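A quick write-up on the structure given underneath.
The values are calculated or read from the model by the stated rules, or taken from the named source; none is laboratory data. Quick caveat: nothing in here was measured; it's all calculated off a predicted structure. Here Cβ is always computed from backbone atoms with ideal geometry, including for glycine, and neighbour counts include all displayed protein chains.
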Amino acid sequence: MYRTRNGGDSWERTENGLASGFGFPIVIDPKTKALFAVPLESDEYRFPPGGRLRVYRSLNRGDSWEPLGRGLPEEHAYALVLRGAMAVDGLDPAGVYFGTTAGGLYASRDGGETWQALPVTLPRVLCVTAFVV
């Protein structure tokens, strides 16, 4: 995980607290600027580290990350979350949503503190979008 503070002239690692420095999705809550990411084991092993599905949140622009997993699979979670398969709705608190390549769809209504699997199994989830009606 990297970030730039100068328009891409230089980059710095921001992996403090992440289970891995590799992963695809990252989204930002437009109100609080909280970042949410789902790391993967590695480029070679594209599944959640240790088979535990976790969303990681940073409340300080990537300086540190905390795992959020209450309600997510604790073991044998080997599906991944693709780049476009995670979204934030911008409400207060933020709703965070993601889908997996195994067809699972997960939602949090409290900024990632707790999660619930939606009662559906879809084909491979490629994209998730959230909007407020």
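Here are the numbers for the structure shown:
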| read-out | value |
| --- | --- |
| Residues of the stretch 77-92 satisfying the condition of being modelled with pLDDT under 95 and out of contact with any Phe, Trp or Tyr (no Cβ under 8 Å at 6 or more places or on another chain) | 90, 91, 92 |
| Filter result for the condition that a residue is out of contact with any Lys or Arg (no Cβ under 9 Å at 6 or more places or on another chain) and farther than 25 Å from residue 31 by Cβ, over 124, 83 | 124 |
| The stretch 75-120, residues that are touching a residue at least 24 places away in the same chain (Cβ under 8 Å) and part of a strand (DSSP E or B) | 86, 87, 88, 96, 97, 98, 99, 106, 108, 116, 117 |
| Strands (runs of 3 or more DSSP E) wholly inside the stretch 1-69 that include at least 2 residues being surrounded by fewer than 20 Cβ atoms within 10 Å (Cβ to Cβ) | 22-28, 66-68 |
| Test: residue in the stretch 61-84 that is in contact with a Cys (Cβ under 6 Å, 6 or more places away or on another chain) and either closer than 15 Å to residue 39 by Cα or of a type in the set (Val, Ile, Thr) (or both) | yes |
| Test: residue in the stretch 90-109 that is crowded, with 16+ Cβ neighbours inside 10 Å and basic (Lys, Arg) | yes |
| Where a residue in the stretch 51-69 is within 16 Å of residue 22 (Cβ to Cβ) and touching a residue at least 24 places away in the same chain (Cβ under 8 Å) and its partner, wherever it lies, is among the basic types (Lys, Arg) and part of a loop (DSSP other than H, G, I, E, B), with Cβ under 9 Å and at least six apart | 67/52; 67/54 |
